[in-house]
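J.: Here it is, the structure in full.
The values are calculated or read from the model by the stated rules, or taken from the named source; none is laboratory data. As the structure is a computational prediction, the values presented were derived from the model and not from experiment. Counting neighbours? That spans all protein chains shown, and the Cβs are built from the backbone with ideal geometry, glycine included.
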Amino acid sequence: MPNIQKLALPMWTSLNINSIQSAFSKWKNLQTLIIHPFMSMTVREFSSVELQAIGENCRNLTTVKFTTMLDKPLANIIVRNFPSLERLSFRYSDACIDASKSLIIGLPNLKMFNLSHCIFMQNIGIGNSYRILGMRPKDELVKAGTEKLD
């Protein structure tokens, strides 16, 4: 069995769920996963089924880095499938404030949450419409993070 501990890969659409399950079932020692999208791909093309397969097979996974938009559906998938995460990164991405708070609250072992160089957004309640807030997180996000430290 391969002893891979860190893996960086692009998101893909050509592999089926059986291929993903087969590959990740062999990487039980995987601790860090970095997922980069192809050009304009979004996490929608890398669905909850694939992330669930990774979460079920890689129980030692403590660090995940994404380079895709952080929204509420993705946050819910992460909380559900990666409850042991200690480090999570969305650098250089768009980040929804509510999704960020969900991760801070929903991941009890989270020690490091990297949102550096992100553009923060707020869902305005109409489908997937967001209002851009800029590169400084809202006070409520900082408060949620510091309350978790107490």
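J.: Just to be sure before I move on: is residue 86 free of Cβ contacts under 8 Å to residues at least 40 places away in the same chain and touching a Ser or Thr at 6+ places or on another chain (Cβ under 6 Å) in the structure I sent?
T.: Values: free of Cβ contacts under 8 Å to residues at least 40 places away in the same chain: yes; touching a Ser or Thr at 6+ places or on another chain (Cβ under 6 Å): yes.
The answer is yes for residue 86.
J.: If you check every pair at least six apart or on different chains, which have Cβ atoms under 6 Å apart with a residue in segment 1-12 that is modelled with pLDDT under 75 first and a residue that is surrounded by 12 or more Cβ atoms within 10 Å (Cβ to Cβ) and not in a strand (DSSP E or B) second?
T.: 1/26; 11/37; 11/41; 11/46
J.: Which of (1) within 28 Å of residue 5 (Cα to Cα); (2) of a type in the set (Lys, Arg); (3) touching a strand residue (DSSP E or B) at 6+ places or on another chain (Cβ under 8 Å) is the odd one out, the single condition residue 59 does not satisfy?
T.: If we test residue 59 against (1) within 28 Å of residue 5 (Cα to Cα); (2) of a type in the set (Lys, Arg); (3) touching a strand residue (DSSP E or B) at 6+ places or on another chain (Cβ under 8 Å), just (3) comes out false.
J.: Sticking with this structure for a sec: Give the residue that is farthest from the chain's Cα centre (by Cα), with candidates limited to residues of segment 28-58 that are at pLDDT below 90 and more than 23 Å from residue 94 (Cβ to Cβ).
T.: By that ranking, first place goes to 28.
J.: Only one residue in 110, 15 is within 18 Å of residue 141 (Cβ to Cβ), assigned to a loop (DSSP other than H, G, I, E, B) and either at pLDDT 85 or above or not polar (S, T, N, Q) (or both). Which one?
T.: Going through 110, 15 in turn, just one is within 18 Å of residue 141 (Cβ to Cβ), assigned to a loop (DSSP other than H, G, I, E, B) and either at pLDDT 85 or above or not polar (S, T, N, Q) (or both): 110.
J.: Only one of (1) in contact (Cβ under 8 Å) with a residue 24 or more places away in the chain; (2) not in a helix (DSSP H, G or I) fails for residue 140. Which number is that?
T.: Exception for residue 140: condition (2).
J.: In addition: Sort out which residues of segment 108-134 are over 19 Å from the mean Cα position of the chain (by Cα) and of a type outside the set (Ser, Thr, Tyr), and write them in order of number.
T.: 124, 125, 126, 127, 131, 132, 133, 134 - these are the residues of segment 108-134 that are over 19 Å from the mean Cα position of the chain (by Cα) and of a type outside the set (Ser, Thr, Tyr).
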